[in-house]
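Novice: Sharing a structure, written as structure tokens. Questions coming.
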Amino acid sequence: MPSFSLDVDAVSGGKNPYAVPTFECVGVYYKSPDCGECKLHYRKQESGKWRQGLSLVYDPRNGEYRGSLVGLEPDTPYVIRLECGDRREELVTRTRSELFPVGKTTYLDDGSTDKIIHITESGTDDAYHLVTPREGAKTTIDVRNTQDYTAVIDADYVILRGVELKNAAIHGILVKKGRHDIVIEDCRITFWGRSGGPRTFGNVGGSDSAIYAERGAGNLVIQRNLIEHPRGASNDWETGHPSGPQGISLINSSGGNIIRYNEIRSTEDHGYNDAIGGAENFSAEGSPNRDSDIYSNIIRNVWDDAIESEGANMNVRIWGNYIDLTFQFVATASTYKGPLYIFRNIWHRSRRTHRNPIGGSMIKTGGRYEFRGGRRYIFHNTALQPSGALNVIGNRAVPNCVTRNNVFDCPGRFVSSRLVTPPSDFDYDFYSGMDKGIPQEEHGVSLRWNQGGFVESYSLEFYPSPTVTVTKWGKIPIEFAGKEKIITDPVVTVPNPIIDAGAVIPGFNDDYAGKAPDLGAFELGRPPLRFGRRAGGTVWAPWELR
């Protein structure tokens, strides 16, 4: 098995084990010979109550255990305990604060201007440089296609807040190579980019992005932005691989990125190639690379991948996103290092072309050359029908993958029948299709319900309904008013099989209600997931108020 090198000291400070926190998660790393299962426990530093997390994954290629804690509180110290064989290690870490201390503030002029924002003055880790309109003012940067960008960030420890950015010739916001600790929040970015379209016909406007981060940029917080209506348009699959605008692109990021509470949308005739993506897919870096979170976003109108998380995927967490009108929902080819966690997402409509409503896959997998082999975890996701995905993974083989407690409602294939190494572990999933492939799903649920088993909602809530209807095939005796009649292929009501049908996953569903966790993203009796710009609280941007 090929090995890979990792500059541990650059991130760990020479410590072993070490932790890399975000707002709500912590990536844990432990360099060690293989000593069997490495159990993970954690507690708040001021609390004596230990909680169990999902055990770390051992990677023999570089002799390291890796894994994540999720569902933590921001700006909170935690004690982490590792137990592996006769070894015990403890470390203390603190999740990142959602509040960024401001040093210098640069106020932007009220009104509309064609002068781009060019930020070259850095702040520090305890005094960020804030660039924003004055209170009560509205700033619109409209370059009318005369400038490549509406904003360029060539500095570190910077906050760009509350600006409307329009009509950039290429990218809305450009983050320069190697820049770090940048917050882009509460902005509206629209009408950027070149025409796009199939590269087969000579178009060169692919990947023009609302936010584009050059190679090595990292520790980016991109939150509560409205990204809509690129000027260009991606082609669909009828004319070859889609090529066109993107919402957010990270090029071989250094990691540490948080992309949350954004809304990325357009129209079908001005759709995206990928909504969140970047490069290089088959590499030891990629987008978002490592120690990164993508959550609570609303994503629509995409012709390839709604979220393209490809490259290292080392302690990358993707959860709580609502995705609609895409071809593939989450792309993970490759996942070189892992682990990658994909959990509690909602996957709605999928289509291949404007004229062909047959959908794509929920998850794209694959690898190339040595860039393969990392662990994927896929937990508690909900795929909706009708007009949803055709396949779960489809004809691709997927090594080193664990699925639990998902609702995979689709007519097509689960995964390839080809044996792979290391093998995958599929169980406790709902699957309604015709061909499982390799998964046996000893505790899985197989049912073809007539209507999706979810309560109707206008608030993007998808709780399991108490009952579902199914067709009972054949001539079936049915009792009506005390008399028995024979009915051909009647529709009958049965208890919803996804309720209390899941497995307990330490750290991911400890707060379940009922006898066992429900399958899918929403747990009956627990608060709903929230998506989009208001998911983290009500914030009004200047461009919304005037």
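Novice: State all residues of the stretch 14-55 that are in contact (Cβ under 8 Å) with a residue 40 or more places away in the chain, of a type in the set (D, E, K, R), part of a loop (DSSP other than H, G, I, E, B) and out of contact with any Cys (no Cβ under 9 Å at 6 or more places or on another chain); if no residue qualifies, say none.
Specialist: Residues satisfying the conditions are LYS15, GLU24.
Novice: Do we have GLU370 as within 19 Å of CYS401 (Cβ to Cβ) and surrounded by fewer than 23 Cβ atoms within 10 Å (Cβ to Cβ) here?
Specialist: Values: within 19 Å of CYS401 (Cβ to Cβ): yes; surrounded by fewer than 23 Cβ atoms within 10 Å (Cβ to Cβ): yes.
So GLU370 passes the test.
Novice: Looking at LEU130, is it surrounded by fewer than 22 Cβ atoms within 10 Å (Cβ to Cβ) and either touching a Leu at 6+ places or on another chain (Cβ under 9 Å) or aromatic (Phe, Trp, Tyr) (or both)?
Specialist: On the way: surrounded by fewer than 22 Cβ atoms within 10 Å (Cβ to Cβ): yes; either touching a Leu at 6+ places or on another chain (Cβ under 9 Å) or aromatic (Phe, Trp, Tyr) (or both): yes.
In short, yes.
Novice: In the stretch 498-512, is there at least one residue being out of contact with any Cys (no Cβ under 9 Å at 6 or more places or on another chain) and exposed (fewer than 11 other Cβ atoms within 10 Å of the Cβ)?
Specialist: no
Novice: Being farther than 27 Å from PHE282 by Cβ, surrounded by fewer than 20 Cβ atoms within 10 Å (Cβ to Cβ), modelled with pLDDT of 95 or more and not small (Gly, Ala, Ser) is the requirement here; does GLU37 meet it?
Specialist: Details: farther than 27 Å from PHE282 by Cβ: yes; surrounded by fewer than 20 Cβ atoms within 10 Å (Cβ to Cβ): yes; modelled with pLDDT of 95 or more: yes; not small (Gly, Ala, Ser): yes.
So GLU37 fits the description; yes.
Novice: Would you mind stating whether THR105 is over 30 Å from CYS187 (Cβ atoms), of a type in the set (Val, Ile, Thr), out of contact with any Cys (no Cβ under 7 Å at 6 or more places or on another chain) and not in a loop (DSSP other than H, G, I, E, B)?
Specialist: On the way: over 30 Å from CYS187 (Cβ atoms): no; of a type in the set (Val, Ile, Thr): yes; out of contact with any Cys (no Cβ under 7 Å at 6 or more places or on another chain): yes; not in a loop (DSSP other than H, G, I, E, B): yes.
Considered against the rule, which asks whether it is over 30 Å from CYS187 (Cβ atoms), of a type in the set (Val, Ile, Thr), out of contact with any Cys (no Cβ under 7 Å at 6 or more places or on another chain) and not in a loop (DSSP other than H, G, I, E, B), THR105 comes out as no.
Novice: For the stretch 315-334, indicate whether the set of residues that are at pLDDT below 95, among the hydroxyl-bearing types (Ser, Thr, Tyr), farther than 30 Å from GLN223 by Cα and not assigned by TED's automatic domain parsing to the domain that holds ARG61 is non-empty.
Specialist: Our first condition is that a residue be at pLDDT below 95; within the stretch 315-334, this holds for 333-334.
From what's left, among the hydroxyl-bearing types (Ser, Thr, Tyr): 334.
Now restrict to residues that are farther than 30 Å from GLN223 by Cα: none.
No: the stretch 315-334 contains no residue that is at pLDDT below 95, among the hydroxyl-bearing types (Ser, Thr, Tyr), farther than 30 Å from GLN223 by Cα and not assigned by TED's automatic domain parsing to the domain that holds ARG61.
Novice: Of the residues ILE117, ILE80, which single one is in contact with a strand residue (DSSP E or B) (Cβ under 6 Å, 6 or more places away or on another chain), modelled with pLDDT of 95 or more, buried (at least 19 other Cβ atoms within 10 Å of the Cβ) and in the same structural domain as GLY374 (by TED's automatic domain parsing)? Spell out how you get there, then give the answer.
Specialist: On the way: ILE80 fails: in the same structural domain as GLY374 (by TED's automatic domain parsing).
Checking each option against the conditions leaves just ILE117.
Novice: Okay, moving on. Could you run through the stretch 56-71 and say how many residues are surrounded by 16 or more Cβ atoms within 10 Å (Cβ to Cβ) and either in a loop (DSSP other than H, G, I, E, B) or modelled with pLDDT under 95 (or both)?
Specialist: From the stretch 56-71, those surrounded by 16 or more Cβ atoms within 10 Å (Cβ to Cβ) are 56-59, 61, 64-70; that's our starting set.
This time we only want the ones that are either in a loop (DSSP other than H, G, I, E, B) or modelled with pLDDT under 95 (or both), so: 61, 70.
So the answer is 2.
Novice: Can you name the condition, by its number, that THR106 falls short on among (1) at negative phi; (2) not assigned by TED's automatic domain parsing to the domain that holds ARG376?
Specialist: The single condition THR106 does not satisfy is (2).
Novice: Looking at the stretch 235-256, I want the residues that are over 30 Å from THR95 (Cβ atoms) and in the same structural domain as ASP208 (by TED's automatic domain parsing) and have a partner that is of a type in the set (A, V, I, L, M, F, W, C) and buried (at least 21 other Cβ atoms within 10 Å of the Cβ) with Cβ atoms under 6 Å, at least 6 apart or on another chain. Which pairs are those?
Specialist: Pairs found: ASP236/TRP303; PRO242/TRP303; GLY244/ALA233.
Novice: Between residues in the stretch 357-372 that are of a type in the set (Asp, Glu) and residues that are crowded, with 18+ Cβ neighbours inside 10 Å and modelled with pLDDT of 90 or more, which pairs lie under 8 Å by C-beta distance while being six or more apart or on different chains?
Specialist: These pairs meet every condition: GLU370/TYR336.
Novice: Has the stretch 156-163 got at least one residue that is surrounded by fewer than 18 Cβ atoms within 10 Å (Cβ to Cβ), assigned to a loop (DSSP other than H, G, I, E, B), assigned by TED's automatic domain parsing to the domain that holds PRO245 and β-branched (Val, Ile, Thr)?
Specialist: No, the conditions are met nowhere in the stretch 156-163.
Novice: So, one more: Could you check, for the stretch 413-434, whether at least one of its residues is buried (at least 17 other Cβ atoms within 10 Å of the Cβ), under 23 Å from ARG61 (Cβ atoms), at pLDDT 90 or above and out of contact with any helix residue (DSSP H, G or I) (no Cβ under 8 Å at 6 or more places or on another chain)?
Specialist: Within the stretch 413-434, one or more residues are buried (at least 17 other Cβ atoms within 10 Å of the Cβ), under 23 Å from ARG61 (Cβ atoms), at pLDDT 90 or above and out of contact with any helix residue (DSSP H, G or I) (no Cβ under 8 Å at 6 or more places or on another chain).
Novice: Going through GLY216, GLY232, GLY196, GLY206 one at a time, which residue ends up being in a loop (DSSP other than H, G, I, E, B) and over 25 Å from ARG352 (Cβ atoms)?
Specialist: Details: GLY232 fails: over 25 Å from ARG352 (Cβ atoms); GLY196 fails: over 25 Å from ARG352 (Cβ atoms); GLY206 fails: over 25 Å from ARG352 (Cβ atoms).
None of the other options fit; the residue is GLY216.
Novice: Moving to a separate point now. So, ILE476, is that one surrounded by 13 or more Cβ atoms within 10 Å (Cβ to Cβ) and either outside the structural domain of TYR377 (by TED's automatic domain parsing) or more than 18 Å from GLY452 (Cα to Cα) (or both) or not? Reasoning before the result, please.
Specialist: Numbers: surrounded by 13 or more Cβ atoms within 10 Å (Cβ to Cβ): yes; either outside the structural domain of TYR377 (by TED's automatic domain parsing) or more than 18 Å from GLY452 (Cα to Cα) (or both): yes.
In short, yes.
Novice: Now a separate question. Can you name the residue in the stretch 344-366 that is over 14 Å from the mean Cα position of the chain (by Cα) and in a strand (DSSP E or B) and is also farthest from SER253 (Cα to Cα) among such residues? Spell out how you get there, then give the answer.
Specialist: Initial filter on the stretch 344-366 (over 14 Å from the mean Cα position of the chain (by Cα)): 348-361, 365-366.
So of that shortlist, the ones also in a strand (DSSP E or B) come out as 350, 361.
Values: SER350: 29, SER361: 26 Å.
Once the filter is applied, the top-ranked residue is SER350.
Novice: What number of residues within the stretch 133-149 are exposed (fewer than 15 other Cβ atoms within 10 Å of the Cβ) and acidic (Asp, Glu)? Full working, then the answer.
Specialist: Taking the stretch 133-149 and keeping what is exposed (fewer than 15 other Cβ atoms within 10 Å of the Cβ), we get 134-136, 144, 146.
If we keep only those that are acidic (Asp, Glu) too, we end up with 135.
Selection size over the stretch 133-149: 1.
The values are calculated or read from the model by the stated rules, or taken from the named source; none is laboratory data. As the structure is a computational prediction, the values presented were derived from the model and not from experiment. Here Cβ is always computed from backbone atoms with ideal geometry, including for glycine, and neighbour counts include all displayed protein chains.
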